[in-house]
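Engineer: First, the structure itself, so that you have it in front of you.
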Amino acid sequence: MGLIENPKTYTGRDLETIFFRPMLVGQNAEQLGIRVMYNMPVPTTIQMWSPRADVLTAYSSGWSGGDCATHGQKSIELSKIKAEVGFSASDYFQQVFELIVGRADVNLDDLTGSELEQAETELFRASIAESLRVTMWMGDKQASSYNLFDGFLTLAHRYSANPAVGKVNFQGKGVSPDTILELFSSMWDNASAELKSLKAEGNLAFFVTTDVYDAYERYLDGCGADGAYTDLISGRRELSYHGIKIVDMGVSKYFDPDGSLASTQCLLTDRRNLVLAVNTSDYPGSEVRMWYNPDAMENRQRAVFMAGAEILDETILVVANF
């Protein structure tokens, strides 16, 4: 137990390479299904360039050129946040020890400090990653929980007041195998020309709650084809509608019945249009600390950093109201 009581503090470069970068870049970032920006300068400003489509002119002498691209930018507001967890010494050791026992390459009679540290770090990192994932989707500064910053669902419904945002009213119809195609078809019909033009790039996605995902899967189960039967037996790794992926946000269990967000949600946009920004370098005091408090006989963990979410371009967004 003595090794777990050794305090561990990650700051600066160690905070980035050991703790945050493994869960925010590479395959872990791709699993989130959206665009992740890590340690961009604060305030985090996204530059958006669009090439002009009318640069060709009839040949003539002299100069008649102009800008080859239109430029826009959007800033992501980052909030200063922290995560704190405390466990009784016995419970904490049991959780960390369980992670170590499951590894075949560990000699339980000779546990080194590094093995315990890896298990302890992974336990805390997983808790932060899940909380960050849920908040980036359904965060609401006005809510009683997950209120650190506004998430994509809150932003999408707020931006839906903009006439440029595609909107589908599905209130009173309910989501079922009988209505699911009407939902997806209506959202595509209400998409802007800019959004439809991005389909060939392969980054469009329907971001849905689990009930929408299940309704579409049950609809496919009912299709009378050999492929549908095979999928019914073996399952499906992913779903698509006309080549557009269906992504389950995995947040259905977190909705508050008294909250402002309906428990059924569906967004259509480009994956790159949803941005999660995390910064651990530009905020004084950013750190991850793990230590044992002998007075409370408690193992404690704390992380301090900055995070925020934003929808970059409202014109390539379609929102369904339920």
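The values are calculated or read from the model by the stated rules, or taken from the named source; none is laboratory data. The structure presented is a predicted model; accordingly, all values stated were derived computationally and were not measured. All Cβ positions, glycine included, derive from the backbone under ideal geometry; neighbour counts span all protein chains shown. Each accessible area value is taken on the protein alone, full model and side chains, heavy atoms only, with ligands, DNA and RNA left out. Shrake-Rupley method; radii C 1.70, N 1.55, O 1.52, S 1.80 Å.
Engineer: Rank these residues by their accessible area, most exposed first, probe 1.4 Å: 23, 187, 40.
Structural biologist: Ranked list, largest accessible area first: 40, 23, 187.
Engineer: How large is ³J(HN,Hα), in whole Hz, for each residue of segment 184-194 in order, when computed from phi with the Karplus curve 6.51 cos²θ - 1.76 cosθ + 1.60 and θ = phi - 60°, using x for Gly and Pro?
Structural biologist: Each residue's phi maps through the Karplus curve to give 5, 5, 5, 5, 5, 5, 8, 6, 6, 4, 5 Hz.
Engineer: Above 15 angstrom, tally the Cα pairs of segment 127-171 and express them as a % of all pairs, no decimals. Write down the numbers at each step before the final one.
Structural biologist: Values: 486 of 990 pairs.
Of all Cα-Cα distances in segment 127-171, 49 percent exceed 15 Å.
Engineer: Measuring from the lowest to the highest alpha carbon on each principal axis, how far does segment 184-322 reach, largest first, in angstroms?
Structural biologist: Over segment 184-322, Cα extents along the principal axes are 66, 38, 32 Å.
Engineer: In whole Hz and in residue order, list the ³J(HN,Hα) couplings for segment 272-279 that follow from phi through the Karplus curve 6.51 cos²θ - 1.76 cosθ + 1.60, θ = phi - 60°; x for Gly and Pro.
Structural biologist: Result, ordered by residue: 6, 7, 9, 10, 9, 10, 10, 9 Hz.
Engineer: Now for a different question. Would you mind getting me the FRET efficiency between residue 145 and residue 197? Use the beta-carbon distance for r and R0 = 41 Å, nearest 0.05. Please list the in-between numbers first.
Structural biologist: On the way: r = 38 Å, r/R0 = 0.94.
Calculated value: 0.60.
Engineer: Hey, can you rank 282-294, 129-141 by average C-beta count inside 10 Å, highest first? Could you put the intermediate results ahead of the total?
Structural biologist: Values: 282-294: 15.2, 129-141: 20.2.
Result, highest mean first: 129-141, 282-294.
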